[in-house]
Amino acid sequence: MADILLIGAGTAGITAAIRAAKRGKRVVVIEKSDSVGGTLHYTAGHMSAAGTHLQHAAGISDTPEQHFNDVARICGNTMDAIITRKAADLAAGTVNWLHELGYPFHERAPAILYGHEAYSIARTYFGKDDVSPKMNRSGKTILQILLPLWEEQINKGTIELITHCKLIGFQHANHQITGVVVENKGEQQILTAQQYILTTGGYAANPSFFKEHTPGGSRLLSAANPAATGDGIKAVMDIGGIFWGGDKQMFTLGGIETEPGSGRIDFWNAWARMSNSKDRKQREIYVNDRGERCMNEYDWSVDQRERVIREQPNKRCWVIFDAKALRDGDCIIPQWTAEQLEEESAKGKSIWQADSIESLASKTGLPLDSLQATVNGYNEACLTQQDPQFQRSYLQHPIVTPPYFAILTYAYALISFGGIRVNEQLQVLTEGDIPINNLYAAGEVLGAAATSGEAFCGGMLVTPALSFGKWLGDTL
Ligand SMILES: Cc1cc2nc3c(=O)[nH]c(=O)nc-3n(C[C@H](O)[C@H](O)[C@H](O)COP(=O)(O)OP(=O)(O)OC[C@H]3O[C@@H](n4cnc5c(N)ncnc54)[C@H](O)[C@@H]3O)c2cc1C
């Protein structure tokens, strides 16, 4: 019998397997897809950690306590404090480990980044090629660093990988898992081991589960790994595990649907940049389905904007601007040029252009009276340099030069915030906080809310997934 049966060979899973196998444990890994890596193939892979060698070298003073306090500040104490403290305590060890393994950190890392609500100290790490705004996938670099260690253990036979093998459910008795029901290449089987580690990720690519567990339950727009269907969470709930945190779901701004009705967002090639940064100021206004402006577009708080859009009808807004704003600096879609945006707008799928506000309203379906009043109000604010409605201070681009543009953007899910409850040992909990003694979990299966609360705290998914995987591999 295997020492450990590991379910899901992604960010947390491969890390746990590598570390356990290195200690001589015999690990069987099941993975429902045809290869390993999971969300590492998709993620930006930004990490956060306090007290690292890189911070010391840069003369930055930081502690896990300060990291924990910053997370608590950003999310208003809505995280799981025990799990977040553990994540903050383990994070430096993870980043130092990747550093020793040769991870090519960017020379600007650690830095304070502004894509999410900013930390108060430079503690975000990313890869050498990861240059904003055209990010590369630092997650792929993490995978490249881990794969040689993984292959070493596969070659030694300490890790046995079974692909196309899907977790269906657990068998259990007396707070112990006694077997795992899997579908292995179409055939149902029971697999057993001494200990079980669940690392099957979240559910941000499962529209029905997402709708059921997210307040407001609107249509899911997703940029998550398509394998993130919540299988592990469902299997744990089926045996009495506690689900929590779905009500804390947050969304990323600026999602442009790849094809209308597809529900998919291409995070790497087309999204509207709706956050401020030092190199791009907002030249646009954000208008909801009622044709009304819904926020101070120049607000520096990413968290604040994310909360506003989450409350708008259909969790979406229209980015409206004119021909001058289009060409006055970086394109609002960081991967595109102004010419590309114009070409796309000719197709009229998610982006439109028109010679008048009346025609723009007709093409987008926005109510004309309201849209016209919104544009007039904003133009007046630009003229007087006063925005009584939202107190926006950067008012340089009145919407007066045709053609006018509209981009339909959605608040979309990269990650899911709900997950299963675990204790400090990462044992899965059932009602009354009674642990299932030999079932452990790590990664997004715990829910983003565990380590990030009701907010996006930079790096607080990838880093805990790696750290908890590493910790389980080192201790079980
Ligand atoms: C575009 C994008 C950008 C992101 N950027 C960041 C960032 O910069 N910083 C950050 O901290 N977080 C970020 N995240 C989130 C973070 O990357 C993920 O939360 C994390 O990688 C998830 O790791 P995991 O191990 O839990 O799951 P995964 O890496 O998804 O691994 C789960 C594995 O389990 C397998 N599996 C699923 N169901 C079954 C089953 N029934 N049976 C067997 N196997 C199964 C899957 O195929 C997969 O291989 C981002 C996410 C996305 C999508």
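The values are calculated or read from the model by the stated rules, or taken from the named source; none is laboratory data. Remember, predicted model here, so these are calculated numbers, not experimental data. Ideal geometry is used to build each Cβ from the backbone, glycine not excepted, and the neighbour counts take in all protein chains shown.
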request  = Looking at (1) within 13 Å of the ligand (Cβ to nearest atom); (2) out of contact with any Ser or Thr (no Cβ under 9 Å at 6 or more places or on another chain); (3) touching a residue at least 24 places away in the same chain (Cβ under 8 Å), find the lone condition where residue 181 falls short.
outcome  = (3)
inquiry  = One residue is enough: does the range 117-126 have a residue meeting the conditions outside any loop (DSSP other than H, G, I, E, B) and closer than 12 Å to residue 49 by Cα?
reply    = yes
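Is it the case that some residue within the range 389-397 is in contact (Cβ under 8 Å) with a residue 24 or more places away in the chain, crowded, with 24+ Cβ neighbours inside 10 Å and in contact with a strand residue (DSSP E or B) (Cβ under 9 Å, 6 or more places away or on another chain)?
no
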ask   = If you check 98, 40, 5, 54, which single one turns out to be in a helix (DSSP H, G or I), of a type outside the set (Lys, Arg) and within 13 Å of the ligand (Cβ to nearest atom)?
value = 40
query = In the list 78, 84, which residue meets the criterion of being polar (S, T, N, Q), in a helix (DSSP H, G or I) and under 17 Å from residue 421 (Cβ atoms)?
reply = 84
inquiry  = Residues to consider are 373, 381; find the one that is surrounded by fewer than 21 Cβ atoms within 10 Å (Cβ to Cβ) and touching a Leu at 6+ places or on another chain (Cβ under 6 Å).
reply    = 381
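Rundown of residues vs (1) under 30 Å from residue 154 (Cα atoms); (2) touching a strand residue (DSSP E or B) at 6+ places or on another chain (Cβ under 9 Å); (3) within 16 Å of the ligand (Cβ to nearest atom), yes/no style:
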{"residue": "25", "(1), (2), (3)": "yes, yes, no"}
{"residue": "29", "(1), (2), (3)": "yes, yes, yes"}
{"residue": "50", "(1), (2), (3)": "no, no, yes"}
{"residue": "64", "(1), (2), (3)": "no, no, no"}
{"residue": "71", "(1), (2), (3)": "no, yes, yes"}
Positions within the range 197-232 being at positive phi and touching a residue at least 60 places away in the same chain (Cβ under 8 Å), in sequence order = 201, 216, 230
ask   = Can you tell me which residues in the range 247-278 are among the acidic types (Asp, Glu) and outside any loop (DSSP other than H, G, I, E, B)?
value = 247, 257
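Just checking, does the range 293-306 include any residue being in a strand (DSSP E or B), away from the ligand (no atom under 16 Å from the Cβ), over 30 Å from residue 199 (Cα atoms) and modelled with pLDDT of 90 or more?
Taking every residue of the range 293-306 in turn, at least one turns out to be in a strand (DSSP E or B), away from the ligand (no atom under 16 Å from the Cβ), over 30 Å from residue 199 (Cα atoms) and modelled with pLDDT of 90 or more.
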Count - residues of the range 393-449 that are among the hydroxyl-bearing types (Ser, Thr, Tyr) and farther than 30 Å from residue 362 by Cα = 4
task = Tally the residues that are within 16 Å of the ligand (Cβ to nearest atom) and β-branched (Val, Ile, Thr), restricting the search to the range 73-86.
result = 3
inquiry  = Here is a list: 450, 406. Which entry is at pLDDT 95 or above, of a type in the set (Gly, Ala, Ser) and within 26 Å of residue 45 (Cβ to Cβ)?
reply    = 450
key: Residue pairs meeting the criteria (Cβ under 7 Å; at least 6 apart or on separate chains; first more than 18 Å from residue 38 (Cβ to Cβ) and touching a residue at least 12 places away in the same chain (Cβ under 8 Å), in the range 443-458; second within 8 Å of the ligand (Cβ to nearest atom) and part of a helix (DSSP H, G or I))   = none
request  = Could you list, in sequence order, all residues of the range 391-445 that are more than 30 Å from residue 379 (Cβ to Cβ), more than 16 Å from the ligand (Cβ to nearest atom) and either in a strand (DSSP E or B) or in contact with a Gly (Cβ under 8 Å, 6 or more places away or on another chain) (or both)?
outcome  = 427, 429, 430, 431, 434, 435, 436, 437, 438
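Residue-by-condition table, conditions (1) modelled with pLDDT under 95; (2) among the hydroxyl-bearing types (Ser, Thr, Tyr):
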position: 308; (1), (2): yes, no
position: 336; (1), (2): yes, no
position: 343; (1), (2): no, no
position: 378; (1), (2): no, yes
position: 390; (1), (2): no, no
position: 397; (1), (2): no, no
message = Looking only at the range 223-259, count every residue that is within 13 Å of the ligand (Cβ to nearest atom), within 21 Å of residue 196 (Cβ to Cβ) and not hydroxyl-bearing (Ser, Thr, Tyr) and tell me the total.
response = 10
